[in-house]
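Each remark here refers to the structure printed beneath this line.
The values are calculated or read from the model by the stated rules, or taken from the named source; none is laboratory data. Note that the coordinates shown come from a computational prediction; the quantities given were computed from them, not determined experimentally. FYI the Cβ positions are ideal-geometry reconstructions off the backbone, even for glycines, and counts take in every protein chain you see. The area values use the complete protein model at the heavy-atom level, side chains included, leaving out ligands, DNA and RNA. Shrake-Rupley method; radii C 1.70, N 1.55, O 1.52, S 1.80 Å.
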Amino acid sequence: QHFARMMHPSNDRSRRLLPEVHAFCGAPLGGYSFADALGLVFDRRSVKIEKKVTAVATSDAREQVTLVFGRHSLQPGDLVAVAEDVCNNFAITKEILRLVESFGASVVAIVCLLNRSPNVDEWYRPAPGELAVPVFNLVRQPIAEYRQDHPMVADDIKAGKVVWKPKDDWPALMAAMDAGR
């Protein structure tokens, strides 16, 4: 709630004002708590998008999912702010916008605690020629992203120096962080 209060127009530290919204929509999974807190602070509804598995992961392919409103929904005409904890590469943002629009609602803002995207700053444009959506964040810190075959990271991957699932291999991650100090 502390961070949600920092987004409220009554907070002197707020740089920009969020547009009027009817609902804060939590993006899976990191945006759920932030959407709930924003809803409480702004006295608005909080809804959540869920991931529905359409194909299970195999040894050669990642799990396939689609986004749905499982327990919640929107009404035609609702003005929605999508809530994320961290905005990375906006990979599913376009899908979220389409899902919200399928209910006759409109996304009028994207709200995140940290916007680390190297490409999206104050505005997110889903596709050329489409209307841009304002991005509101508490911290803006661009952080470069690399593909696995990029020369900057390929050698580390080959050498086994990458921890792919930190929750499953916490001791190895801590050892790598200690070695880097």
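General observations
- In segment 61-181, the portion of solvent-accessible area held by carbon and sulfur atoms comes to 53 percent [1.4 Å probe, whole percent, DNA, RNA and ligands not counted].
- Sorting 6, 152, 174 by solvent-accessible area of protein heavy atoms yields 152, 174, 6, largest first, with a 1.4 Å probe.
- Nearby lysines by direct alpha-carbon distance to residue 48 (threshold 18 angstrom, same-chain neighbours under 8 apart not counted): 94
- Taking the Cα atoms of segment 7-95, the ratio Rg/Rh between the radius of gyration and the Kirkwood radius comes to 1.05.
- Globularity index of segment 89-181, i.e. its alpha-carbon radius of gyration over 2.2 N^0.38 Å: 1.44
- Note that segment 49-56 has calculated 3J(HN,Hα) couplings of 8, 10, 8, 10, 6, 10, 7, 6 Hz, one per residue in order, obtained from phi through the Karplus relation 6.51 cos²θ - 1.76 cosθ + 1.60 (θ = phi - 60°); glycine and proline are x.
- For segment 1-160, the relative contact order works out to 18 percent when only alpha carbon pairs closer than 8 Å and six or more residues apart are counted.
- In order along segment 79-91, the phi-based Karplus estimate (6.51 cos²θ - 1.76 cosθ + 1.60, θ = phi - 60°) of 3J(HN,Hα) comes to 9, 10, 10, 7, 10, 10, 6, 10, 8, 9, 10, 6, 5 Hz; Gly and Pro are listed as x.
- Computed over protein heavy atoms with a 1.4 angstrom probe, the accessible surface ordering of 52, 161, 167, largest first, is 167, 161, 52.
- Listed by chain and number, the aspartates and glutamates whose alpha-carbon sits under 20 Å from that of residue 165, ignoring those within fewer than 8 places in the same chain, are 60, 63, 85, 145, 149, 155, 156, 178.
- In loop segments of segment 73-136 as defined by DSSP, the GluC sites (Glu not before Pro) with at most 15 further C-beta atoms inside 10 Å of their C-beta are 122, 130.
- Near residue 48, the amide H atoms lying under 5 Å from its own belong to 26, 72; only residues 5 or more places off or on other chains count, and H is placed 1.01 Å from N.
- For the chain, size of Cβ-based charge dipole, Lys and Arg +1, Asp and Glu -1, in debye: 200 debye
- Per residue Cα convex hull volume in Å³ - calculated over the chain: 164 Å³
- Rolling a 1.4 angstrom probe over the protein heavy atoms with all chains in place gives the chain an accessible area of 63 Å² per residue.
- To the nearest 10, the accessible area of residue 44 is 80 Å² with a 1.4 Å probe.
- Isolated Cys residues of the chain, judged by Cβ distance under 4.7 Å to other cysteines: 25
- For segment 114-122, backbone phi angles converted through the Karplus equation (6.51, -1.76, 1.60; θ = phi - 60°) give residue-by-residue couplings of 10, 9, 9, 5, x, 10, 10, 10, 8 Hz, Gly and Pro being listed as x.
- Ligands, DNA and RNA excluded, the heavy atoms of residue 58 present near 90 Å² of accessible surface to a 1.4 Å solvent probe.
- Across segment 101-181, the mean sequence separation of Cα contacts (distance under 8 Å, 6 or more residues apart), normalised by length, yields a relative contact order of 23 percent.
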